[in-house]
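In what follows, a single structure is set out as structure tokens and then discussed.
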Amino acid sequence: MVDTRAAHKPSVVLVTGGAGFIGCNFVRHLLTSDESLRVINYDALTYAGSAANLAGLDTAHADRYRFVHADIRDEDAVADIFTSERIDTVVHLAAESHVDRSINAPGEFLTTNITGTYVLLQAARAAWSDRTDVRFHHVSTDEVYGSLGDDGHFVETTPYDPSSPYSASKAASDHLARAWHRTYGLPVTISNCSNNYGPYQFPEKLLPLMICNALAGKPLGVYGDGKNVRDWLFVSDHCSALDTIVRRGRPGATYNVGGHNEWANIDIVHLLCDQLQDITPPADGHYRDLITFVRDRPGHDRRYAIDASLIESELGWTPRHKFEEGLRQTIEWYLANGDWIEEIRRTKYAGQRLGVIDKE
């Protein structure tokens, strides 16, 4: 049975990181699913955030949409947005999020993910005072829980055991959000999601990287033995889960969000190659011929798996997409948006491997 006791009706939503992969999909979800909402998209437009991800929103939703180019670490800019807009809902997605990049340059992850979250929590606390018609939703990752063995699933009470600078920074930000609820009474909810995939994902991540490299005839480098397991969540399903938590989640509660789609990396790459072969076969051979195994990533967790039964039993949310279906939609989106990919690769990321530590 769905618990409606904590119902919240958003009116003006601040989405941080709304020019990134999940953020731009979530902004679109809000604007198209609820015509009463005003959405403020706050993004620093770092390498993974792009104005191209927001094409058409200004004209389609001019009276209900505003983009603010600013950094969540900027206390004055964050305070100003709470002053200039009567925000009643924050969905905090802004983060440095790529594990490989965190291995090479952890500093940005600490300041953005930890300090930036602190700045937002403090600004919301100051602006909202004793208001009860508000929510602060903090979006996190299943990586904070560390690595699973062959059996079992992460639940909301699984102890944190982060392995990378990225997951450690997200764990710290989760603790801050939870502490601001317990200490100051800020109405915070938290979600920890599994691996997202879908349209607009920056091509440093596994699926878009493999799609782009396969289409270019480049090697498909799979880390280690390829048997690391992840649960995969289609981005539109994640957006619906976030919306559900914002509207019906209990203040102080954490919800794990998963896709019920556990796959080993090598099996994903095989499936991707097979679907590409069916949709747009190369001049000769098979995309599987491009697969190669490369040195594993340092601290590479073996398996993640989400138990999403709480959000289903309490809020009535379940994912809609099976992985095979969502992957095909993702491939078709990238095939239809070659200009978007080319611009990213020309100006921001050329497909090189990241996160390599030289060893003597």
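Between 0 and 90 degrees, the angle of helix 265-279 with respect to the longest Cα principal axis of the chain falls at about 70 degrees.
Defining a contact as two alpha carbons under 8 Å apart and six or more residues distant in sequence, what relative contact order in percent does the chain show? Don't jump to the answer; show the numbers that get you there.
Working: 682 pairs, mean separation 73.0, N = 360.
With pairs under 8 Å counted, the relative contact order is 20 percent.
Across segment 1-141, the relative contact order, built from alpha-carbon pairs under 8 Å that are at least six residues apart, equals 28 percent.
Compute the helix-to-body angle for 323-336: its Cα long axis versus the longest principal axis of the chain, expressed 0 to 90° and rounded to tens. Taking the Cα atoms of the chain, the angle to 323-336 is about 80 degrees.
Test of understanding: what is the full-extension gain from Ala55 to Ser36, defined as 0.36 nm times their sequence separation minus their Cα-Cα distance?
Values: separation 19, 0.36 × 19 = 6.84 nm, distance 2.12 nm.
Gain on stretching Ala55 to Ser36: 4.7 nm.
Ellipsoid fit via the Cα gyration tensor, segment 165-300: semi-axes of 36, 17, 11 Å, each the root of five times an eigenvalue, largest first.
222 nm [θ] for the chain, helices only, -39500 (n - 2.57) per DSSP H run of 4+, per residue, to 500? Walk me through the numbers before you get to the answer.
Details: 13 runs with 141 residues, N = 360.
Calculated from helices alone, the mean residue ellipticity at 222 nm is -12000 deg cm²/dmol.
Distance from the Cα centroid of segment 118-173 to that of segment 312-341 is 24 Å (rounded to whole angstrom).
For the chain, the equivalent ellipsoid built from the Cα gyration tensor has semi-axes of 33, 22, 20 Å, listed from largest to smallest.
Taking amide H atoms as placed 1.01 Å from N in the peptide plane, the amide H of Asp296 lies under 5 Å from those of Gly224, each 5 or more residues away in sequence or on another chain. Cα centroids of segment 18-92 and segment 252-297: how far apart, whole angstrom? Between the Cα centres of segment 18-92 and segment 252-297 lies a distance of 31 Å.
The angle separating the long axis of helix 116-128 from the principal Cα axis of greatest extent in the chain is about 30 degrees.
Rule-based calculations on the coordinates, nothing more; no lab input. Quantities reported herein were computed from a predicted structural model and do not represent experimental measurements.
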